[in-house]
Amino acid sequence: MGGTEAIRSGKDGRGGLGNVLSGIAVAIGFALFLGGFVWGAVVYQPYTVPTDSMMPTVRPGDRVLAQRIDGAEVRRGDVVVFTDSMWSDSPMVKRVAGIGGDTVKCCGAEGGLTVNGTPLDEPYADTSRPDSGLAMPPGQAPPPGTPFEVTVPEGNLFLLGDRRAASLDSRAHLQEAGQGTVPRSAVSARVDALAWPSMAMLERPKTYAALPGGISGHGPLRLQVAAVAAGAALVVLGAAYGPLVRILGRGRRERAGVA
C-alpha cells in the first residue's frame, strides 16, 4: 500500500476513527480543564491571612481558599472571612464559636469553652499564655481562661481566634452592643482549604457535630480539582495519540522492510 493510501486509511494515526476519538478527547479535556478553573473562580476567593490570631490552624502569610457563601449558611466551627466596621475596615478571619440563641461561656467545669452547657474539645486551639514567648499583636487580647458568658442574639455570630492569647475577637468587644457578636451578613466566605505554602482541606471540628444544626460540609473544591486534572490528562493523551501511532507505524514498516 502506498503512502497516500496509508494516510487515507488512517494507518499512520493522522486519520480514521482513532484521530476522531483523539480530537474528541482533546475537546472534552479542554472543556473540563477550563471549566474547572472557571467554576473555582466563581465559587472560591483566595485570601492571604495577615495575622497570627488563627494559629496553629492558619499561619500569617498563608494563602487560603474561601468558598463564597451567604451568612445564613454559616455553622458552628466554621472559619469565616468577614468584615465588620466595629472591628476593622479590612476582612478578618475567625472561627464561629456560637450562633444565634447559643450561650457561649468560659469557663466550664473542666476550664474550657462551653456552648449551651456542652464542653468543647478544641484540639485546634492554642490556649498557651502570653508569657510563652510568642509575639503579641497590637491591641489588647484577653488572656485564655478569662471568664465571660454571652447569649448570642439571633442572626449574629460569636467569633474567636484559635490562638486565644493573641486574638482580638468577640471577647475584646464584650462591652459593645451585641456583646462582641457580628451579624451573619458580615460574612462573605468560609475557609475551605489551605492553598500555600501547604495544600490541605480545612477539617470541620467534630466537637460541634453533636449540637443542633451540626457542622458544615466541604465545598466542591475536590470535584473542581478532579475536573482540572482529568481535563489535563485527556488533553495530553488526545494530543499524543497521533504522534504515538505514527511512531509505532513507522517502526512496524521498518521491521517489515528489514524482514
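The values are calculated or read from the model by the stated rules, or taken from the named source; none is laboratory data. It should be emphasised that the depicted structure is a prediction, and the values quoted were computed from it without experimental measurement. Positions of Cβ are backbone-derived with ideal geometry, glycine not excepted, and every protein chain shown enters the neighbour counts. Just the protein is used for accessible areas: all its heavy atoms, side chains included, with ligands, DNA and RNA removed. Shrake-Rupley method; radii C 1.70, N 1.55, O 1.52, S 1.80 Å.
Of the residues that sit in region 140-153 and are open to solvent by 30 Å² or more (accessible area, probe 1.4 Å) and over 29 Å from the mean Cα position of the chain (by Cα), which one is modelled with the lowest pLDDT?
Taking the candidates together, the pick is Gln140.
Does Thr83 count as under 18 Å from Phe148 (Cβ atoms) and among the polar types (S, T, N, Q)? Spelling it out, it is not the case that Thr83 is under 18 Å from Phe148 (Cβ atoms) and among the polar types (S, T, N, Q).
Close Cβ contacts (under 7 Å, 6 or more residues apart or on different chains) running from residues in region 219-244 that are open to solvent by 80 Å² or more (accessible area, probe 1.4 Å) to residues that are among the polar types (S, T, N, Q) comprise Tyr241/Ser22. For region 192-212, the candidate set comprises residues that are within 17 Å of Ile69 (Cα to Cα) and not aliphatic (A, V, I, L, M); within that set, the residue that is nearest to the chain's Cα centre (by Cα) is Asp192.
Residues in region 63-98 that are under 29 Å from Pro119 (Cβ atoms) and of a type in the set (D, E, K, R) were compared, and the one that is surrounded by the fewest Cβ atoms within 10 Å (Cβ to Cβ) is Glu73.
Within the group Ala172, Ala186, Ala177, which residue is open to solvent by 40 Å² or more (accessible area, probe 1.4 Å) and over 26 Å from Ser128 (Cβ atoms)? Testing whether each residue is open to solvent by 40 Å² or more (accessible area, probe 1.4 Å) and over 26 Å from Ser128 (Cβ atoms) leaves just Ala177.
For region 40-60, residues that are under 12 Å from Ala125 (Cα atoms) and open to solvent by 60 Å² or more (accessible area, probe 1.4 Å) total 1. Of the strands (runs of 3 or more DSSP E) contained entirely in region 1-110, those carrying at least 2 residues that are at pLDDT 90 or above and either more than 21 Å from Ala195 (Cα to Cα) or out of contact with any Ser or Thr (no Cβ under 9 Å at 6 or more places or on another chain) (or both) fall at 44-48, 63-68, 92-99, 103-106. Among all positions in region 201-209, there is at least one residue which is among the hydrophobic types (A, V, I, L, M, F, W, C), closer than 28 Å to Thr103 by Cα, out of contact with any Phe, Trp or Tyr (no Cβ under 7 Å at 6 or more places or on another chain) and open to solvent by less than 50 Å² (accessible area, probe 1.4 Å).
The residues of region 69-81 that are over 15 Å from the mean Cα position of the chain (by Cα) and more than 13 Å from Leu160 (Cβ to Cβ), listed by number, are Asp70, Gly71, Ala72, Glu73, Arg75.
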